[in-house]
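Structure, as structure tokens:
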Amino acid sequence: MKPLNHIVTEFKESIFSTMTKLAIDHGAINLSQGFPDFDGPKWVIDLAKNALDQGHLLGNVGKNQYAPSPGILPLREAISKNYQRFYNLDFDPSNEIVVTNGATEAIFCACMALINPGDEVIVFEPFYDSYLASLQMAGAKVVPITLLAPHFTFDINELASVINSKTKMLILNNPHNPTGKIFTPKEINTIAELAFKFDFYILSDEVYEFLTFEQSHIPTASYPGLKERTITISSTGKTFGLTGWKIGWACGPKEIIKAIHNVHQFTTFCVAHPLQVAMAEALEKMDDYLIDFKNQYRKKRDFLVSGLKEVGFNVLTPAGTYFAMAILKEGENDIEFCKKLILEKKVAVIPTSAFYIKSNEGSNMVRFCFAKNDETLKNAIENLKR
Ligand code: PMP
Ligand code: GLN
């Protein structure tokens with residue numbers, strides 16, 4: 001038989017699937033994969049039930065039939081309104097927003113839409129695993145820059161030294177998974193200067209935009225001059241604790257969004273229609289919800305961080321996201337450590353070497369997810385104390 005696509009066949013199972021499976025197999029408390037172990041808000045789920053029930057009321061645009069490929073207009077309008085309200089950013093709902101199956105699809109479509117084989121793309125490591133896979137499928141040359149623990153800063157000279165005329169794009173994830181870092185305006189301005197000088201795009205993955213604990217999120221596109229070269233990606237998975245709904249989007253300049261939509265059109269065509277209807281309504285009503293949402297996650301962060309410190313972990317307090325990194329003791333290895341933790345303490349976490357391709361830094365750290373019930377976090381800390 002002729003060989004299959006060698007890039008795709010070499011992909012390994014995602015570390016998130018691997019660790020969740022191990023947690024289930026060993027009956028361990030799962031603080032590995034990033035998803036809440038509690039349900040999303042009932043009022044949002046009720047909106048979806050309502051949309052499902054009304055599935056056939058609208059004839060050929062019935063809510064249980066295909067949605068328009070770029071996303072239903074009310075959802076694009078709600079997304080646009082929120083960018084305006086929260087960040088004073090204008091995205092035209094008609095042609096500067098495309099709704100995708102989660103941020104993951106938006107990332108894939110953006111990579112396919114922007115990258116020609118051989119183009120170079122800067123990625124900060126540790127990185128969310130789908131960046132590498134999407135870039136490889138698009139034929140990019142991935143150029144990693146390591147964020148250095150414990151503050152996860154990058155070396156400006158190192159960054160400048162790898163950028164050249166072939167640099168097509170830089171991927172920025174802010175707030176950052178897995179480190180919980182929020183990039184400073186100084187860091188983003190440095191990236192901006194390089195982007196202007198070398199004319200590259202910025203894919204800004206902002207799925208944790210509402211999970212910032214001490215400061216407000218600043219979208220990359222709101223920095224002077226960056227809107228025209230930034231693709232802003234987000235998702236309702238984290239904000240509403242409904243990761244299984246997979247409602248995400250990309251916003252940006254019209255020509256770029258058209259190209260991203262061209263890819264989306266021929267990969268999935270559209271996103272689950274009734275869930276879009278529900279999300280369009282939910283996004284309009286999120287102000288009150290967000291206050292409780294942030295407080296709830298801040299409490300979880302503080303509980304986990306102080307619990308881990310008590311147990312003796314060198315844990316770093318995250319400024320955003322629902323993850324916390326812990327630095328292991330000299331000589332410990334992340335994979336061995338995670339295996340031991342599952343077997344001996346019945347707690348599953350993520351070995352962070354999976355998020356690096358250049359540096360060994362990851363083999364000295366593990367990631368804890370605190371998007372979990374208070375009871376789950378309490379039990380995990382109890383287990384770790386044993
Ligand atoms: N980007 C980052 C940084 C993530 O952590 C995740 C997943 N949790 C995604 C993108 C994917 O988001 P979605 O589930 O909406 O596809
Ligand atoms: N983003 C989530 C995490 O970092 C997992 C996403 C996934 O499982 N694909 O854990």
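Highest mean packing comes first when the peptides 279-285, 106-112, 35-41 are listed by Cβ atoms within 10 Å, giving 106-112, 279-285, 35-41. Quick check: from the Cα gyration tensor, does region 52-154 come out rounded (a/c under 1.5), prolate or oblate? It comes out prolate by the Cα gyration axes. With each label modelled as a point 7 angstrom along the Cα→C-beta vector, the Asn314-Glu382 pair spans 3.0 nm.
Taking the average, over residues, of other Cβ atoms within 10 Å as the packing measure, peptides 242-249, 358-365 rank 242-249, 358-365 from highest down. By the rule of a C-alpha distance below 20 Å, with chain neighbours fewer than 8 residues away ignored, the lysines paired with Lys227 are Lys81, Lys168, Lys186, Lys197, Lys254, Lys258. Averaging 1/r across all pairs of distinct Cα atoms in the chain and inverting the result yields a Kirkwood radius of 21.5 Å. Here region 80-124 yields Rg over Rh of 1.08, to two decimals, using C-alpha coordinates and the Kirkwood radius. Mind checking which aspartates and glutamates have their Cα closer than 17 Å to the Cα of Lys329? Skip sequence neighbours fewer than 8 apart in that chain. Correct list for Lys329: Glu310, Glu361. Specify whether the C-alpha gyration tensor of region 208-279 places it in the rounded, prolate or oblate class, a ≥ b ≥ c being the square roots of the eigenvalues: rounded for a/c under 1.5, otherwise prolate if a/b is larger than b/c and oblate if not. Oblate shape, in that a/c is at least 1.5 and b/c is the bigger or equal ratio. Comparing Ile202, Ile182, Ile156 in a Gaussian network model of the chain where C-alpha atoms under 10 Å apart are linked, the largest mean-square fluctuation is found at Ile156. Probing with 1.4 Å while keeping every protein chain in the model, the per residue accessible area of the chain equals 44 Å². Of the trypsin sites (Lys or Arg not before Pro) in region 1-107, the ones in a loop by DSSP (not H, G, I, E or B) with at most 10 other beta carbons within 10 Å are Lys12. In units of 2.2 N^0.38 Å, what is the alpha-carbon radius of gyration of region 287-386? That works out to 1.11 for region 287-386. Along its three principal directions, the equivalent ellipsoid of region 1-120 from the Cα gyration tensor extends over semi-axes of 32, 25, 18 Å, largest first. For the options Val347, Val162, Val207, a Gaussian network treatment of the chain with springs between C-alpha atoms closer than 10 Å singles out Val162 as fluctuating the most.
Considering only protein heavy atoms and a 1.4 Å probe, what is the carbon-and-sulfur percentage of the accessible area of region 39-180?
Working: 3160 of 5760 Å².
Of the solvent-accessible surface of region 39-180, carbon and sulfur hold 55 percent.
Of all the accessible heavy-atom surface of region 215-347, with the other protein chains kept in place and a 1.4 Å probe, what percent is carbon and sulfur?
Details: 3090 of 5690 Å².
Solvent-exposed carbon and sulfur of region 215-347 make up 54 percent of the total.
When only Cα pairs below 8 angstrom with a gap of at least 6 residues are kept, region 285-386 shows a relative contact order of 28 percent.
Looking at the chain, the DSSP beta bridges with both ends there are about 50 percent antiparallel. Taking each of Lys309/Lys385; Lys141/Lys166; Lys181/Lys358; Lys181/Lys246 in turn, the alpha-carbon distance tops 18 angstrom for Lys181/Lys358; Lys181/Lys246. With a cut-off of 20 Å on the backbone N, the residues of region 363-380 near the modelled label site 7 Å out from Asn333 along Cα-Cβ are 363-367.
The values are calculated or read from the model by the stated rules, or taken from the named source; none is laboratory data. Just so it is clear, the model here is predicted, and its values are computed rather than measured. Neighbour counts run over all protein chains shown; Cβ positions are idealised from the backbone, glycine included. For the accessible areas, the whole protein counts, side chains as well, though only heavy atoms, and no ligand, DNA or RNA atoms are used. Shrake-Rupley method; radii C 1.70, N 1.55, O 1.52, S 1.80 Å.
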